[in-house]
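The values are calculated or read from the model by the stated rules, or taken from the named source; none is laboratory data. All values derive from a computational prediction rather than experimental measurement. Please note: Cβ atoms are built from the backbone with ideal geometry, for glycine as well, and neighbour counts cover all protein chains shown.
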């Protein structure tokens with residue numbers, strides 16, 4: 001349940017949007033003025049799928065790596081450490097490997113933009129391949145930090161077969177290159193490695209965008225974190241995130257939707273008149289059982305956000321505090337409460 005905010009004075013009108021809100025964004029899209037939408041995503045769009053983000057206290061990926069006895073959490077993605085001790089990465093890879101997770105509503109919304117011919121380019125920090133599974137065409141995806149989609153030897157660079165890789169990861173074993181015996185690693189960008197060439201080749205897309213959507217990222221890792229600042233001054237930027245990040249919110253056509261990504265995306269879909277299409281596409285893709293699991297995760301995350309921040313926290317409205325009590329009861333096991341029912345206006 002996103003709260004639309006801005007740090008621009010409310011008396012200052014937007015330059016491009018009719019109003020600084022999701023309704024204004026929806027009007028901008030449906031008017032045909034947004035034909036080159038650039039989307040930038042981070043781990044926050046995958047948490048409802050059951051994949052932890054990296055930096056959330058206690059629940060993030062880095063917070064759960066203590067059991068691997070690493071010198072520091074980031075070492076699991078450090079190429080120098082991997083060369084000397086690849087085992088911790090493959091323990092983690094078994095938990096994160098594609099095939100066991102399903103796209104979220106946020107992923108499917110991006111695929112819907114692509115299907116409608118509105119998506120110019122997607123830049124993602126995620127390595128989970130869920131954008132592909134949602135149906136976003138490969139040529140519209142820039143995986144800025146690489147992904148699990150392919151793998152190769154770190155010495156001779158020879159590609160390694162997908163089926164063999166899946167078998168090694170399932171066992172938690174470390175694969176080696178048959179010809180040279182070098183270590184095999186998924187094409188994920190580790191600390192100490194260069195970004196994929198596609199990132200530089202398509203880095204100009206934000207400068208040509210007529211609308212930018214930023215979802216679920218802390219914008220802490222450069223150069224990805226600099227992409228929103230490459231957007232022209234009068235191009236609307238919309239942030240779907242738990243917290244304000246980067247320079248988003250500082251421009252007259254910035255809209256901040258603070259809350260869980262899936263809920264914010266649903267609100268935009270409502271404003272666009274796409275909600276039924278979005279929900280149907282998502283449920284057909286993941287199935288009803290997985291859809292219910294994701295809804296429960298989102299409800300728990302919304303409840304946790306409310307309990308952490310209270311009614312004065314960022315992105316939390318007074319009605320959300322009331323909802324927080326209802327969702328707490330739901331989380332404790334009272335049957336019958338559904339967020340999509342009780343989230344209606346209180």
Looking at region 64-72, is at least one residue at pLDDT below 80 and under 25 Å from residue 225 (Cα atoms)? yes
Across region 184-210, the tally of residues that are in contact with a helix residue (DSSP H, G or I) (Cβ under 7 Å, 6 or more places away or on another chain) and either closer than 30 Å to residue 236 by Cα or surrounded by fewer than 19 Cβ atoms within 10 Å (Cβ to Cβ) (or both) stands at 5
Output for region 137-152, where each listed residue is more than 19 Å from the chain's Cα centre (by Cα) and either assigned by TED's automatic domain parsing to the domain that holds residue 224 or farther than 14 Å from residue 190 by Cα (or both): 150
Do we find a residue being within 19 Å of the chain's Cα centre (by Cα), closer than 23 Å to residue 132 by Cα, in a helix (DSSP H, G or I) and not assigned by TED's automatic domain parsing to the domain that holds residue 215 anywhere in region 82-92? no
So which pairs qualify, if the first residue must be in region 70-88 and surrounded by fewer than 16 Cβ atoms within 10 Å (Cβ to Cβ), the second must be assigned to a helix (DSSP H, G or I) and modelled with pLDDT under 90, the Cβ gap must be under 8 Å, and the two must be at least 6 apart or on different chains? 74/62
When you scan region 165-174, do you find a residue that is free of Cβ contacts under 8 Å to residues at least 40 places away in the same chain and buried (at least 17 other Cβ atoms within 10 Å of the Cβ), even just one? yes
Would you point out the residue of region 93-110, among those that are in contact with a helix residue (DSSP H, G or I) (Cβ under 6 Å, 6 or more places away or on another chain) and part of a helix (DSSP H, G or I), that is surrounded by the fewest Cβ atoms within 10 Å (Cβ to Cβ)? 94
Exception for residue 231 within (1) at pLDDT below 95; (2) assigned by TED's automatic domain parsing to the domain that holds residue 126 falls at (1)
Helices (runs of 4 or more DSSP H) completely within region 238-346 that count 2 or more residues being modelled with pLDDT of 95 or more, in the same structural domain as residue 44 (by TED's automatic domain parsing) and in contact with a strand residue (DSSP E or B) (Cβ under 8 Å, 6 or more places away or on another chain): 261-272
